[in-house]
Structure formats: C-alpha cells, structure tokens
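Structure, as structure tokens:
The values are calculated or read from the model by the stated rules, or taken from the named source; none is laboratory data. A quick note: this is a predicted structure, and the numbers were derived from the prediction, not measured. Heads up, the Cβs are rebuilt from the backbone with ideal geometry, glycines too, and the neighbour counts pull from every protein chain shown.
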Amino acid sequence: MKPIAFLKNALFALVPAGLLLSGCAAGGSETEFTPKVDPAYTMQAEMTYADGGSAVLMLSRSGPEKWEAAFSDPASLAGVVLSFDGNAVAASYKGLAFTVPKSALPAKNMLCLTTEILGTLDGVEELPCTRQEDGTWCSEGDCSGGKYEITFAEDGTPAGLSLPSQPLHIVFTGYTVCGSLPEESAETTEPAVSTGTETSLTANLPETTNEGTSN
C-alpha cells in the first residue's frame, strides 16, 4: 500500500511541475510582457510541496510585504490563518492567536518563498516572458529558494508557480482586486498576535477543534 500511495503523491506533484517546467522551454523567444500588479488582491492557491504535501488556501495581499493565507484544506489546517508582515509570521484560528502549529510549518516555509517571488513583481511594468501555446506567459527567475518559473494568464494575473528545488508547485485561480486594509485595523490586531499567554494556550486548537467537529 505504501509504494502505491507514494506513486500517487508523486504523480500528483509532477502534473503541475510538468506543465510549468515544460512551458518556458517549449515556448518561443522571450518578449516583454506586463504582469498585473495591484496594491491589494486575493486569489486561491492550490499547493503541492515537499514529499506529497498539499494545501488549498486563499492568499491575500494588503500591501508591500503584508500577506494573509487562510487555509481550507487539509483538515488539520482548515480555518488556520497565517499572517505575514515582512519577516514576521503570526497564526490565528477563529480570531485567537497562537504559535504556528508544526503541521503548518512546511506550508509556511513555502508561502514565505511564494510571497517573496510575488513581491518582486511590485513596480514591474515589463517582464521578459515566453508566450506558451495555451496563451499563458512564462518567466524565469531566482529567489532565496532557488530558480523558479512563474506563469501568467493572458490578462497578466498570476496563474502558476514552480520552484523545483523545494519542490513547490502552485496553481493560482480567482484573482480579485480588493482594497488595502486600513492602518488602524492592522494596529488593533497586533496586540492579540503578540500575547504570549494566549499563544501557549491555543497552540493545538485547530487540530483539537477539527477532530471534535469532524462528525
């Protein structure tokens, strides 16, 4: 059973990898392309990473280096929200702050790389890209995690990301422009994140709550 499960996970991870990695190489010559970069937006991300890990989440940007990832899958992370503010990462569940659970650490590390790459698009008016047969555009680059390939839909919105060295593969859908968060709103949430007592008491809350409501 274990070899079969391993093969299924491997195939699941390789499908988006093949689409992204073969994309840039199979396209024509590079040309300048304008990616869609908004100050604040949200989009769904379907991730596969590491040894068969996967997650579905809503990734939102409210400003430079300010991101939020709200998980809907897997069950162990459903309802968990990771907030990124520069190098600082905080976690919450139904409004309660706690330390990032171990089950979320691999996804958190991959999201740090993802937001790093998406952040490089700020202020970019033209990006060397290769047009693909399916109408998407593919660009290559380097980040702290290694070489990556990012694909864009014809309208310039992000469509996919591949970071083979991790490995990490993401499909983006449902790009929607939204307003940035008010400064006072960010300030009111900050004390809850930094409360040490609340953090230690709620560290295992998502796993416990999910198990108790699974029926």
Please verify whether the stretch 109-125 includes one or more residues that are free of Cβ contacts under 8 Å to residues at least 12 places away in the same chain, within 14 Å of Ala69 (Cβ to Cβ) and of a type outside the set (Ser, Thr, Tyr).
yes
Please enumerate the residues belonging to the stretch 30-57 that are of a type in the set (A, V, I, L, M) and either at pLDDT 95 or above or on the phi < 0 side of the Ramachandran plot (or both).
Val37, Ala40, Met43, Ala45, Met47, Ala55, Val56, Leu57
Counting only residues that are touching a strand residue (DSSP E or B) at 6+ places or on another chain (Cβ under 6 Å), surrounded by fewer than 18 Cβ atoms within 10 Å (Cβ to Cβ) and either more than 14 Å from Ala69 (Cα to Cα) or hydroxyl-bearing (Ser, Thr, Tyr) (or both), how many does the stretch 43-53 have?
0
Total residues in the stretch 146-173, condition among the small types (Gly, Ala, Ser), surrounded by fewer than 19 Cβ atoms within 10 Å (Cβ to Cβ) and either in a strand (DSSP E or B) or out of contact with any Pro (no Cβ under 8 Å at 6 or more places or on another chain) (or both)
3
Of all residues in the stretch 127-145, which are out of contact with any Ser or Thr (no Cβ under 8 Å at 6 or more places or on another chain) and surrounded by 13 or more Cβ atoms within 10 Å (Cβ to Cβ)?
Glu140
